[in-house]
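Right, one structure below, let's go through it.
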Amino acid sequence: MTVALTNMIETVAVEFSHNANQHMSGGLKALDGISVTVAKGEFVAVLGRNGSGKTTFARMLNALLLPTGGSVRIDGIDTVDESRIWDIRSTVGMIFQDPDSQIIGTTVEEDVAFGPENLGLAPEEILSRVQKALQSAGMLQHSRTPPHLLSGGEKQKVSLAGILAMQPECIILDEATALLDPAARKEVMNLVRGLNRDKGITVLHITHDMEEAWLADRVILLDAGKIVQDGKPAEVFSNSVVIKEAGLELPQIAELFELLKQDGFNLLTCTPNMDEAQAALINCMNPVRDQHVHQH
Amino acid sequence: MSISIEELSHIYQPGTPSEKIALRNITLEIKTGACIGIAGQTGSGKSTLVQHLNGLLKPTSGRILVNGINVTTGNLSVLRKQVGIVFQCPEQQLFGETVCKDIAFGLSNLGLSGSEIEIRVREALRVVGLEDDLLHKSPFRLSGGQKRRVAIAGILVMRPQILVLDEPAAGLDPQGRRDILDFIGKLHKQSGMTILLVSHSLDDIVRLAERVVILKQGAVAMEGKTRDVLNDLEALENAGMSVPPITILMNRLKKEIPELNDCLLTVEEARNELKRVWKMKTGVNPSC
C-alpha cells in the first residue's frame, strides 16, 4: 500500500561540484550540504547573490543536474533513478529568466503544445491541455499569435502555459521576473500565486527582488552553496546583518524599520502589509501614547 | 551643445497592416552634462526613442539635433563617436577571446596605435570598477555583473560625450545592481558626460537622475525634476509606473503627520525626516 506523500522536495546533504571528475576541481563546491524539505503546496522564495548556488540548486530539482554528494527526492523519487527521470520532469516544470530563449514554436499554441506532444499524448488530449493551459495563463486570445510579436511579460506567460500543459505539481521560476517591467512582474506573480492557491501547485521562486520575496510563505537564503536562513519572510528579513553579509538588501520598508529601531524608536518587526507598517509608524511617532518620557 | 528633440514621431512599418505608432510628437531638450532618467512601461517607446540618438532609427517626422548634428541628414560616423549606447543585457554581445580584446574591438576599428589602445582599455576597465588582472581572462568566465561591466567598458573606451544606458541594472543581484549604479553616478560626476538612464525601475532613477521623463504609449506623460515627478503618485500610476514602496509609505504618513516634508525618496531620507519630526515634537532624540 502506498501512502500519499506530503513532501514535494526532500534533499539530504546535497553537494555539487562542477568538475567533480577532474583533478583540477580546486575543491570549489557550488552546493555544499543542502538539506531542505519543501511540503506540497508551499510558496517558497529562494534568495542569494550571484554565484550563491540558486540556479544549481534549481537544476537539481528536475534532474538537469545530479548531486555529486547527498540525495534529492522529488515527490519521493530519487533523481538519480534514470528510469523515473520523465516522471520527475513532468512533476517539476522550470521557467528561466530570458523570455526570448525558451520559446521555440512559431505560434503561441504550437509552443505550448511542444511539451505534451513529447509526452506522446493523443492529439485531442494535447489540444485540450493547450487550451486549458493558455486559459490559466490568460493567453488564450493569443493562441495563434507568433511569439515574437509578444511583450516580455506575455512571453513569460506563454512559457508558464507551456509548463502548465505538462500538468506539473511544482513550478520553479529561475529569476523568471527579473527582466520584466513592474506591471508584467505583478501579472506573472499574481498568476503564479493563483496557481499555488487554487491548484495547490508548489512554487519555488528564485528572485533578486526583495519586495517579491517578502510576499512568499517562506524564504530560503543561500550563500556560498549553503543555506544561511530558512524561515518566514518577517523572521528572515528582521536579521539585517545576515541579509547584508549574504550580499542582499532588505525590502525598503523593512530597512526603514530596522534603521529606526537602531535610532531608538519603539517599533516591532515590520510586516509586508503596508497598512500595518503605516499604523505602526503613526503609533510610534505619537509622543503622548509612547512611553518615551521627556527627561529635561 | 545638447540633445534637442523636436516633435519626433516614429511609426514602425508604416502603410502596412502591422503599422505601429511607437513615438508621438515628442519634444525634449537634454542639456550637456545632465543625467536624465527615461522611464515607462514595456512598449512605451523608451528604446525606440534612444535608438534615434545615434541614428539607428530615423524619425518618421520631426527633427533631432545631437550636439548640432541632425540625425536624419548628418554624418553618422561622427554622430556615433559622440553617442554610445549600451543596450539591454549588453553581456550578450560579448564575443572577444579575452576581456582586453573585447573592450578594444571598437578602438581597433578607429586605427589607433597599440599603446594608445592599451591605455584606453585600462582606463575604461578602471571606470567600471574592474581589476586589471581580468584583462586576459575570457569574458565568458566572469560573473553576470562583471560581464555587464566589461560590455559597458567596451562603449566607454570610445569616449562618447553622451552615454545611453538601457536598463543597466536589470537582472542583476542587489550587489551587482549597486555596483553598476554607483559607478554610473561616479562617472557622471567626474566626467561630466551626458547620461541617459533608461529604466522601468524608478528606484534606480531616483538614485542617479536629477530629471526624469516618463513615457506612456509613445508620448511624454510626465517630465520634470525627479523629486517633483515622484511626488505625483496618481499620475505615476496612470502612466503604469510602479512607485517605490518607501515613497508610497511616506506619502501616506504625511497625511497623518503633517509635519513631515514632501517627497521622501530614499530609506535614508525617510529615516532622517522621521527623526527630525520626532525631535521637533518632543525636544529629544528618540533614543532618550
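The values are calculated or read from the model by the stated rules, or taken from the named source; none is laboratory data. Values in this document were obtained by computation on a predicted structure and should not be read as measured data. Cβ coordinates were reconstructed from backbone atoms using ideal geometry, including for glycine residues, and neighbour counts include every protein chain displayed. SASA here: full protein model, heavy atoms, side chains in, ligands and nucleic acids out. Shrake-Rupley method; radii C 1.70, N 1.55, O 1.52, S 1.80 Å.
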Checklist outcome for this item: How many residues of region B:70-88 are open to solvent by less than 20 Å² (accessible area, probe 1.4 Å), in contact with a helix residue (DSSP H, G or I) (Cβ under 8 Å, 6 or more places away or on another chain) and not in a strand (DSSP E or B)? The answer is 1
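Counting residues that are among the hydrophobic types (A, V, I, L, M, F, W, C), which strands (runs of 3 or more DSSP E) fully inside region A:151-250 reach at least 3?
Where strands (runs of 3 or more DSSP E) fall fully within region A:151-250 and carry at least 3 residues being among the hydrophobic types (A, V, I, L, M, F, W, C), they are A:170-174, A:202-206, A:218-223.
Taking the residues in region B:89-110 that are part of a helix (DSSP H, G or I) and among the small types (Gly, Ala, Ser) as candidates, determine which candidate is surrounded by the most Cβ atoms within 10 Å (Cβ to Cβ).
Within region B:89-110, the first condition is being part of a helix (DSSP H, G or I), and the residues that meet it are B:90-93, B:99-108.
After this cut, where a residue has to be among the small types (Gly, Ala, Ser) as well, the list is B:104, B:106, B:108.
Values: B:ALA104: 23, B:GLY106: 18, B:SER108: 11.
Checking each candidate, the answer is B:ALA104.
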Checklist outcome for this item: Taking region B:111-134 and keeping only residues that are open to solvent by less than 70 Å² (accessible area, probe 1.4 Å), outside any helix (DSSP H, G or I) and of a type outside the set (Gly, Ala, Ser), one is left with B:LEU112, B:VAL128, B:LEU130
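Rundown of residues vs (1) in contact with a Gly (Cβ under 9 Å, 6 or more places away or on another chain); (2) surrounded by 18 or more Cβ atoms within 10 Å (Cβ to Cβ); (3) of a type outside the set (S, T, N, Q), yes/no style:
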position	(1), (2), (3)
A:ILE201	yes, yes, yes
A:THR207	no, yes, no
A:ALA224	yes, no, yes
A:VAL236	no, yes, yes
A:ILE243	no, yes, yes
Item to check | Of residues in region A:129-150 being assigned to a loop (DSSP other than H, G, I, E, B) and over 24 Å from A:LYS40 (Cα atoms), the one modelled with the lowest pLDDT | outcome: A:LEU150
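Taking the conditions exactly as written (open to solvent by less than 60 Å² (accessible area, probe 1.4 Å) and either in contact with a strand residue (DSSP E or B) (Cβ under 9 Å, 6 or more places away or on another chain) or among the hydroxyl-bearing types (Ser, Thr, Tyr) (or both)), does B:LEU215 satisfy them or not?
So B:LEU215 fits the description; yes.
Looking at A:GLU276, A:GLU211, A:GLU235, which is the one that is closer than 24 Å to A:PHE57 by Cα and more than 10 Å from chain B (Cβ to nearest Cβ)?
One residue alone meets the criteria, A:GLU235.
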Checklist entry - Here is a list of conditions, (1) in contact with a Pro (Cβ under 8 Å, 6 or more places away or on another chain); (2) away from chain A (no Cβ under 14 Å), and B:LYS147 meets all of them except one; can you say which number that is? => result (2)
Checklist entry - Within region B:203-222, can one find any residue that is closer than 21 Å to A:MET274 by Cβ and modelled with pLDDT under 90? => result yes
Checklist entry - Are any of the residues in region B:135-145 open to solvent by 40 Å² or more (accessible area, probe 1.4 Å) and either at pLDDT below 90 or under 27 Å from A:LEU250 (Cβ atoms) (or both)? => result yes
Checklist entry - Take the residues of region B:135-144 that are within 13 Å of chain A (Cβ to nearest Cβ) and either acidic (Asp, Glu) or in a loop (DSSP other than H, G, I, E, B) (or both): which is farthest from B:LEU94 (Cα to Cα)? => result B:SER143
Checklist entry - Residues in region B:2-12: is at least one of a type in the set (A, V, I, L, M), under 22 Å from the mean Cα position of the chain (by Cα) and not in a strand (DSSP E or B)? => result no
Next on the checklist: Condition first: surrounded by 15 or more Cβ atoms within 10 Å (Cβ to Cβ) and either among the polar types (S, T, N, Q) or assigned to a helix (DSSP H, G or I) (or both). Now tell me which residues in region B:60-69 satisfy that.
Outcome noted: B:ASN67
Checklist entry - Quick one: would you say B:GLY224 is of a type in the set (Gly, Ala, Ser) and over 30 Å from B:ILE30 (Cα atoms)? => result no
